[in-house]
Amino acid sequence: MSEPVRVFLLDDHEVVRRGLRDLLEAEPDLQVVGEAGDAEEALVRVPAARPQVAVLDVRLGSGEGGGDHGGIEVCRELRARRPDLVCLMLTSFDDDEALFDAVMAGAAGYVLKQIRGADLVNAIRTVAAGDSLIGPDTRARVLARARDRENRSAPPELARLTPRERQILALVGEGLTNRQIGERLYLAEKTVKNRISGILGKLGVGRRVQAAVIAERLRESG
């Protein structure tokens, strides 16, 4: 039997954390290895807890280390320190600005607290398995938000891409899967996957949807 998925919880409401802990620990394949009530505490405790998935509240308290989107800042910082850590954002508000920021911070998913317990458990399993919860509808919202940003200039990292990589990036921006890109460019699916990993590295981003946002900005600027 495989080891349970190690989960860390960040929420500034103790009752919410306790409810989440009880929900997750009822599942044999999930293990809560730590929790925190604010951003500073989370940044200290996560490295020692060594979770695979961090469930982060988007809106923390207004005190030091908090702020409206304090959880997103925690996601950005944790992902910078541990790129292998998967962050799942949890929020009470359907906020496009927070959604955009969460995706750009490297979050693998963004779910509302109104979600059913069973669906949240499945969401954690999904992101722990390496899949994203940023679906087509969410991706469209992120791209729309990107178009509204005043600064649409292409990042300087694009200069590092070869013409072929730019071609692949453009297809990522169109929402094509690795298989579809391979069929379009006559490449093996594994080759496309490796090429996209290299593109993400050159762009300094951790997730495919972030690259799609950059591709959209590049298309509009061109």
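The values are calculated or read from the model by the stated rules, or taken from the named source; none is laboratory data. If you're wondering where the values come from, they're calculated on a predicted model, not measured in any experiment. Glycine also receives a Cβ, built like all others from the backbone with ideal geometry; neighbour counts cover every protein chain displayed. Ligands, DNA and RNA are excluded from the accessible area calculation, which covers all protein heavy atoms including side chains. Shrake-Rupley method; radii C 1.70, N 1.55, O 1.52, S 1.80 Å.
Against the condition touching a Lys or Arg at 6+ places or on another chain (Cβ under 8 Å), part of a helix (DSSP H, G or I), open to solvent by less than 40 Å² (accessible area, probe 1.4 Å) and modelled with pLDDT of 85 or more, how does Ile168 come out, does it pass? Spelling it out, Ile168 is indeed touching a Lys or Arg at 6+ places or on another chain (Cβ under 8 Å), part of a helix (DSSP H, G or I), open to solvent by less than 40 Å² (accessible area, probe 1.4 Å) and modelled with pLDDT of 85 or more.
As for segment 33-49, it holds at least one residue that is surrounded by 13 or more Cβ atoms within 10 Å (Cβ to Cβ), among the β-branched types (Val, Ile, Thr), more than 19 Å from the chain's Cα centre (by Cα) and modelled with pLDDT of 95 or more. Looking only at residues in segment 17-32 that are part of a loop (DSSP other than H, G, I, E, B) and without any contact (Cβ under 8 Å) to a residue 60 or more places away in the chain, the one that is surrounded by the most Cβ atoms within 10 Å (Cβ to Cβ) is Ala26.
Within segment 82-102, the set of residues being hydrophobic (A, V, I, L, M, F, W, C) and touching a strand residue (DSSP E or B) at 6+ places or on another chain (Cβ under 7 Å) comprises Leu85, Val86, Cys87, Leu88, Met89, Leu90, Ala98, Leu99, Ala102. Of all residues in segment 33-49 being in contact with a Lys or Arg (Cβ under 9 Å, 6 or more places away or on another chain) and outside any helix (DSSP H, G or I), which is nearest to Leu60 (Cα to Cα)? If we take residues in segment 33-49 being in contact with a Lys or Arg (Cβ under 9 Å, 6 or more places away or on another chain) and outside any helix (DSSP H, G or I), then Gly37 is nearest to Leu60 (Cα to Cα). All conditions in (1) touching a helix residue (DSSP H, G or I) at 6+ places or on another chain (Cβ under 9 Å); (2) open to solvent by 20 Å² or more (accessible area, probe 1.4 Å); (3) outside any helix (DSSP H, G or I) hold for Phe93, with the sole exception of (1).
Mind checking whether some residue in segment 125-133 is assigned to a helix (DSSP H, G or I), in contact with a helix residue (DSSP H, G or I) (Cβ under 9 Å, 6 or more places away or on another chain) and not acidic (Asp, Glu)? No, because not a single residue in segment 125-133 is assigned to a helix (DSSP H, G or I), in contact with a helix residue (DSSP H, G or I) (Cβ under 9 Å, 6 or more places away or on another chain) and not acidic (Asp, Glu). Condition test on Asp95, is it in contact (Cβ under 8 Å) with a residue 24 or more places away in the chain, touching a Gly at 6+ places or on another chain (Cβ under 8 Å) and either within 30 Å of Val213 (Cα to Cα) or not hydrophobic (A, V, I, L, M, F, W, C) (or both)? Judged against the criteria, Asp95 is not a match.
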